[in-house]
């Protein structure tokens with residue numbers, strides 16, 4: 001059972017506190033309420049991502065990204081009327097107030113509706129050799145390695161299915177027969193699974209070029225060695241809102257210089273900064289591509305995603321960055337594999353139990 005109270009944060013909270021509230025509560029909103037129970041603002045996943053893109057950090061005050069203009073309803077609001085308003089205003093959540101305007105509850109669209117179904121194709125990249133994980137991958141492809149008691153790729157599939165996606169392509173090469181035997185045509189999971197068979201390693205974008213038909217809606221592409229709780233419908237909505245030809249999920253990455261940095265101009269010291277931290281966005285291995293971009297990828301030619309994005313940008317098309325704050329782990333090395341197994345119960349099994 002989801003507990004909306006876990007989504008409540010104080011006006012003095014940070015963006016990090018808001019992220020934690022979204023994660024723990026599973027209601028996709030943080031409610032900024034004062035000690036008297038009056039609601040001062042709301043923070044959605046989109047507010048957090050826009051704040052990160054604008055230069056805010058997880059340690060910034062949550063007040064700087066919260067929305068102060070929001071819709072509320074009375075605690076005894078009729079469900080059908082509330083549903084009509086939520087559809088009209090395109091709201092996922094509505095805070096509920098009592099007759100003294102105290103926050104007393106939260107109604108989510110998921111409380112009323114079943115998950116929206118998406119007919120978008122999802123391409124899961126499962127053809128890599130997994131060389132950095134040897135000897136674990138000597139007789140087993142990396143996507144079938146057990147993380148949290150089940151194959152990594154099965155967890156990825158489950159995440160998409162949980163969000164209403166039902167149509168999948170899996171690109172295979174190394175130990176392809178093992179992947180195909182495990183997943184079959186997807187009927188046991190009530191989804192459709194087809195395979196893109198790479199005769200040679202084609203790269204993260206090249207394998208997409210093997211799709212036999214041009215899709216009629218945006219396509220998700222995701223590396224098959226990621227463990228994440230990313231909001232896939234949110235990313236798809238963001239992609240459409242940006243009117244982008246391609247969208248890349250990115251995550252913050254900090255590097256601290258272990259020395260004092262000296263700025264010099266014309267032999268004169270102009271500034272000193274002790275062990276500064278530089279912040280970057282890095283590629284998170286999850287993408288959304290428009291149908292015409294998918295159709296433009298040549299068949300049976302190596303092409304990685306960074307090169308594809310460069311080509312798109314060189315043509316003057318819009319590409320967008322979708323910043324993620326949810327749990328994310330790239331399982332490329334043995335220590336990553338061990339950490340993912342350690343993290344699984346907290347970020348996945350407990351989450352599933354709550355839902």
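The values are calculated or read from the model by the stated rules, or taken from the named source; none is laboratory data. Because the structure is a prediction, the values reported are computed rather than measured. Don't worry about glycine lacking a Cβ; one is built from the backbone with ideal geometry, like all the others, and counts go over all protein chains shown.
Remarks
- The residues on offer are 103, 91, 109, and the sole one that is touching a residue at least 40 places away in the same chain (Cβ under 8 Å) and either surrounded by 15 or more Cβ atoms within 10 Å (Cβ to Cβ) or within 19 Å of the chain's Cα centre (by Cα) (or both) is 103.
One line per residue, one yes/no per condition, for (1) within 17 Å of residue 103 (Cβ to Cβ); (2) modelled with pLDDT under 95; (3) assigned to a loop (DSSP other than H, G, I, E, B):
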| site | (1), (2), (3) |
| --- | --- |
| 21 | yes, yes, no |
| 36 | yes, yes, yes |
| 47 | no, yes, no |
| 52 | no, yes, no |
| 59 | no, yes, yes |
| 80 | no, yes, no |
| 83 | no, yes, no |
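- The number of residues in the stretch 47-74 that are under 18 Å from residue 231 (Cα atoms) and surrounded by fewer than 17 Cβ atoms within 10 Å (Cβ to Cβ) comes to 2.
- For beta carbons closer than 7 Å, sequence separation of 6+ or different chains, a first residue in the stretch 115-139 that is more than 19 Å from residue 228 (Cα to Cα) and a second that is at pLDDT below 85, the qualifying pairs are 132/332; 137/130.
- Every residue from the stretch 200-238 that is surrounded by fewer than 18 Cβ atoms within 10 Å (Cβ to Cβ) and more than 15 Å from the chain's Cα centre (by Cα): 200, 201, 212, 213, 214, 216, 217
- The lone criterion from (1) in contact (Cβ under 8 Å) with a residue 40 or more places away in the chain; (2) buried (at least 16 other Cβ atoms within 10 Å of the Cβ) left unmet by residue 162 is number (2).
- If only residues of the stretch 23-34 that are outside any helix (DSSP H, G or I) and in contact with a helix residue (DSSP H, G or I) (Cβ under 7 Å, 6 or more places away or on another chain) are counted, the one that is modelled with the lowest pLDDT is 26.
- Residue count for the stretch 144-156 under the criterion of being assigned to a helix (DSSP H, G or I) and out of contact with any strand residue (DSSP E or B) (no Cβ under 7 Å at 6 or more places or on another chain): the result is 1.
- Residue list for the stretch 306-326, restricted to those being out of contact with any strand residue (DSSP E or B) (no Cβ under 6 Å at 6 or more places or on another chain) and modelled with pLDDT of 95 or more: 306, 307, 308, 310, 311, 314, 315, 316, 317, 318
- The selection criterion, being under 25 Å from residue 322 (Cα atoms), more than 24 Å from the chain's Cα centre (by Cα), free of Cβ contacts under 8 Å to residues at least 12 places away in the same chain and not assigned by TED's automatic domain parsing to the domain that holds residue 239, holds for residue 69.
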